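Presented below is the structure to which this report refers.
Taken together, the values in this text are just the output of simple stated rules run on the coordinates, not laboratory data. What you see is a predicted model, and the numbers here were worked out from it, not measured in a lab. As a convention, Cβ positions derive from the backbone with ideal geometry for all residues, glycine included, and neighbour counts pool all protein chains shown.
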Amino acid sequence: MIALKLAYKNLMGAGLRTLLIVFVLSLAYVLIVYMNGLYQGWDRQARIESIAWEVAEGQYWQDMYDPYDAMTLTDAHAPLPAALEADASKGKTVPILITQATIYPEGRMMGALLKGIDTRQKILSLPTGELDPDSEEITAIVGTRMAKSAGLATGDYLLIRWRDVNGTFDATEVKITGIFKTAVPAVDMGQVWIPLNKLQEIAGMPGEATLVVMDESPEEGATIAGWEFKGHDYLFKELEDMIKMKSTGGSIFYLIILALALLAVFDTQVLSIFRRQREIGTYVAMGMTRKQVVGIFTVEGAMHAILAVILGAAYGFPLLLWTQKSGIKMPEGTDDFGMAAAEHMYPYYSLALVLGSIVLVMLTTTLVSYMPSRKITKMNPNDAIRGKIQ
Amino acid sequence: MKNGSIITIENLVKSFPIGGGEFTALNGISLDFEKGEFSGIVGPSGSGKTTLLNILGSLDTPSKGQTNVLGTTSTQMSPKVAANLRKKHIGFIFQTYNLMPVYTVYENVEFPLLLIKTPVAERKKAVLEALEWVGLSDKIKSKPPQLSGGESQRVAIARAMVKKPDLVLADEPTANLDAENSHHILQTMEKLNKELQTTFVFATHDEKVIGYLRRIIRLEDGRVVEDAYIKK
C-alpha cells in the first residue's frame, strides 16, 4: 500500500515525463488489442464465411481428391455411397463433382474447374436456385471474381471444353444465369458451377461425386470406404496458418511501440535511482530493508503500466468499440491470395485478448522497472543519505 | 550492558578499505549512553563522528568490537533485524533534512507510522501532535519545496519523533540553518528530550549545538579524547 501510494505520488510529481511514457504504453496496449482483434475478427469472419459458402460442417473427400494436385483430379470421383446418397435426397448433404475444363471467354483460353452441384441444396449459400437442372441448355453460375477475370455477365454464353471419364474431349456452350458475390475466393476464382446432373452426364460419371459437403459432422469413428471425412480442424488449418503468419508480421509494429515505451520506463528508472539516492538512503534509515526499497521503485515503474491501462481504456475503449461496430474497410485485392476476406473486416476483441495484453504489458514493464532497481541492493545507505554518487 | 544504559560500545574499531590499504575511522571506542541523554559526538571533519553515529543507528556494522543498541548486539544485527530496530526504535535527523519532496508535510511525518502499521486514528493523532511540538500545525498541506530550511528541519524532527522512539540520532542538524533557526530547532529538541525522555545523540562541530549538550564526547582521529558531562 505504501509502495503504491508513494509510486503514485512520485509519478504524478514527474508530470509530463510520466504522461508521455504512459501515453506511449497505452498506445502499445491499444495497438496490441486492435491488431490482434483484427486478426481474430478476420479469422472468425473467414470461418463463418467459409462454413456458409464452402465447408459447412465438414466434407467427405473421395480418397484420390487432392485440391492441390491437378494430376489426380481426373481420377478423384466415385459413385456416391448409399449412406451419403440417402442423406443427399433429404437435403442433409451436398454432393459436388469436380472436373478440369478449359473455357473460352471472348476467344481467349483459360483453365477452370467445372463443378457440378445439386441445385436443390440449402446447406451452402451458393445461389444454386439460379441453375436449371432440367433445361436443354446447360446453365451456369460464377462468382464476381471469375466474372471479372473472364469478362462474363449474366446471359452470356461461354464455351467450355472438358474430358469425359474415358479421356475424350468434348465441348459445349453454357449459359451464365447468375453471378454471385462471396468473400470466399475458394468457391469463386477459376470456377464454373453447373447442375450436378448435367456434369455427371457430360463427364460420363452418373451418380458420382468428388466430395460431399455435410450439414452435420458424422459420429466419431464412422467411416465410409473410399471416402475420408475432413473436419474443420483440417479444412481451416491453411487459413489459420495464413492468419498466424500475417499476425506475426503485424506484431512487429506494436512490438516496436512497446519496446520504445519500455525503453522510456527503463531510462526513467535509471535516472530516478540516480537522482533519488538521498531518498533511498532515507527509506533505509527509517527502517525499510533495501529489498523493500527495490519493491517501491519496481512498483513505481510498473505503475506506468497501470496508468496506461486507465488511459488506454479511456480513449481505446470507444475507439475499439467503434471499429468493432463499423468494421475496417479492407484494401482492394486482399482476398486475391486465396483467403476469405470480406470488404469490411469486423475486429473481435475477446476478454482473453484484452486481459492477455494487459498481463503482457504489465509483466514486461515490471521487469524493466525491476532491472535497474536492483542497483539499490548494492548501495551503501550512509552514502545514499548524503546523496553521494554510487 | 550497564544498568540504565540503552547503548553500550566496547572496543569498537571501524576500518574502510582504501586503495590497497585500510583506513581506520574509529579505533578502540568504548562508550555507554543512558536513557534520556542529550549528548553529542563532536570533533573536526574526518574524526569519525558520522561513522560512529551510523553504527549506533545500525546503518553500519563494526569491524571489531561489540555494540549493544537497545538490547540488540552487533552480532545479532542482520539487515532485517537492523531495519526492524530502526523502524521501531530509532529516529534520524539529517543535515539535508531528506524529506520526500512529493509528500506533504503531514504525509512526511506520517511515513514512519505507516511503516510500523499504526492504526489510522492513532496515526492521525500522533502526526498532528508531532507537528504541534515543532510548531508547524498550519503547514500540514505544504510540500517540502514550499518550506524554508528551518521549517524543513522542524518537519524532519517531527518525522523522527512521531513514533516516540527511544533514540534520536541527529547528524549535523544545524549545518544548513542560520543562527535563529538553529536555536529554534535545538530548543525544540531539548524540550522533546525532557518531555518524552528520548535519548538524543548528535554528531556535530557546530558550537551552537555544543552549547545545548549535557554530555560532550570529543573524537579525534577515531579516538575518544574527552567524555564530559556538563551541568546545566
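Of the cross-linked pairs A:LYS5/B:LYS49; A:LYS230/A:LYS325; A:LYS9/B:LYS87, those separated by over 29 Å at the C-alpha level are A:LYS5/B:LYS49; A:LYS230/A:LYS325. Computed over the range A:58-230, relative contact order equals 34 percent, with contacts defined as Cα pairs under 8 Å that lie 6+ residues apart. Sorted from greatest to least, the principal axis extents spanned by the alpha carbons of chain A come out as 101, 46, 32 Å. The C-alpha atoms of chain B define a longest principal axis, and helix B:120-133 lies at about 80 degrees to it. Projecting the Cα atoms of B:PRO112, B:ASN54, B:ILE210 onto the dipole axis of chain B, where Lys and Arg carry +1 and Asp and Glu carry -1 at the beta carbon, places B:PRO112 farthest toward the positive end. Other protein chain C-beta atoms within 10 Å of residue C-beta, averaged over A:10-18: 1. Average projection, convex hull of the Cα set of the range B:1-120: 9.9 square nanometres. In this structure the amide hydrogen of B:ALA25, modeled in the peptide plane, comes within under 5 Å of the amide hydrogens of B:LYS14, B:SER15, B:PHE16, none closer than 5 places in sequence on its chain. Mind checking which of A:ILE306, A:GLY129, A:THR282 is farthest towards the positive end of chain A's charge dipole, using Cβ charges of +1 (Lys, Arg) and -1 (Asp, Glu) about the Cα centre? Of the options given, the answer is A:THR282.
With a Förster radius of 41 Å applied to the C-beta separation of A:LEU16 and A:HIS232, the computed FRET efficiency comes to 0.20.
Which percent of the Cα-Cα distances in the range B:146-232 go past 20 Å? Can you show the working numbers first?
On the way: 1289 of 3741 pairs.
Above the 20 Å cut-off, the range B:146-232 has 34 percent of its Cα pairs.
Within the range B:63-134, report the trypsin sites (Lys or Arg not before Pro) that DSSP leaves as loop and that have at most 15 other Cβ atoms within 10 Å.
Working: sites: B:LYS64, B:LYS80, B:ARG86, B:LYS87, B:LYS88, B:LYS117, B:ARG123, B:LYS124, B:LYS125; in loops: B:LYS117.
Taking the range B:63-134 and a limit of 15 other Cβ atoms within 10 Å, the loop trypsin sites (Lys or Arg not before Pro) found are B:LYS117.
Between A:GLN45, A:GLN62, A:GLN277, the GNM of chain A built on Cα springs shorter than 10 angstrom shows A:GLN277 fluctuating the most. Annotation: aspartates and glutamates with alpha-carbon distance below 12 angstrom to A:LYS244 (same-chain offsets under eight excluded): A:ASP43.
Considering only beta bridges that DSSP places wholly inside the range A:58-230, some 75 percent are antiparallel.
Could you tell me the relative contact order of chain A? Use alpha-carbon pairs under 8 Å, at least six residues apart, and round to a whole percent.
On the way: 682 pairs, mean separation 106.8, N = 390.
Answer for chain A is 27 percent.
Per residue of peptide A:283-296, the mean number of Cβ atoms on other chains within 10 Å of the residue Cβ is 6.
Suppose a student asked you for the relative contact order of chain B, using Cα pairs under 8 Å spaced at least 6 residues apart; what percent would you report? Numbers along the way, then the final one.
Working: 455 pairs, mean separation 65.3, N = 232.
Taking the mean separation of contacting Cα pairs over the length of chain B, I get 28 percent.
Identify the residues of the range A:36-65 with backbone N under 15 Å of a label point that sits 7 angstrom from the Cα of A:LYS246 along the Cα-to-Cβ direction, or state none. In the range A:36-65, the label zone of A:LYS246 (backbone N under 15 Å from the point 7 Å along Cα→Cβ) covers A:36-50.
Just checking the listed ones, A:ARG44, A:ARG275, A:ARG374: in the Gaussian network model of chain A with Cα springs under 10 Å, the one fluctuating most is A:ARG275.
Computed over every Cα-Cα pair of the range A:58-230 and binned at 5 Å starting from 0, the pair-distance distribution P(r) comes out as 1, 9, 18, 23, 21, 16, 8, 3, 1, 0, 0 percent.
With N denoting the number of residues in the range B:5-229, provide Rg(C-alpha) divided by 2.2 N^0.38 Å, to two decimal places. Please report the intermediate quantities before stating the final value.
On the way: Rg = 17.3 Å, N = 225, 2.2 N^0.38 = 17.2 Å.
Taking N as the residue count of the range B:5-229, the ratio is 1.01.
Maximal additional length on extending the A:LYS378-A:SER149 stretch stands at 75.3 nm, based on 0.36 nm per residue less the C-alpha distance. Secondary structure note: in the protein assembly as shown, about 65% of the DSSP beta bridges are antiparallel.
Do any of B:LYS191/B:LYS232; B:LYS80/B:LYS194; A:LYS291/B:LYS141; B:LYS164/B:LYS194; B:LYS88/B:LYS124 go past 20 Å between their Cα atoms, and which? If you can, show how the numbers build up before the last one.
Values: B:LYS191/B:LYS232 14 Å; B:LYS80/B:LYS194 31 Å; A:LYS291/B:LYS141 30 Å; B:LYS164/B:LYS194 13 Å; B:LYS88/B:LYS124 18 Å.
Going by Cα-Cα distance, B:LYS80/B:LYS194; A:LYS291/B:LYS141 fall outside the 20 Å limit.
For the range A:39-111, chymotrypsin sites (Phe, Trp or Tyr not before Pro) meeting the loop criterion (DSSP other than H, G, I, E, B) and having at most 12 other Cβ atoms within 10 Å: A:TYR68. When each full DSSP H helix of chain A is screened for a Cα extent of at least 20 Å along its own axis and an average Kyte-Doolittle hydropathy of at least -0.5, the helices passing are A:16-50, A:237-275, A:290-326, A:351-373.
The angle between the Cα long axis of helix B:149-161 and the longest principal axis of the Cα atoms of chain B comes to about 80 degrees, rounded to the nearest 10.
Within a 10 angstrom radius of each residue's Cβ in B:111-119, how many Cβ atoms of other chains show up on average? Whole number is fine.
Working: counts 8, 2, 0, 5, 6, 2, 2, 0, 0.
Across B:111-119, the average partner-chain Cβ count within 10 Å equals 3.
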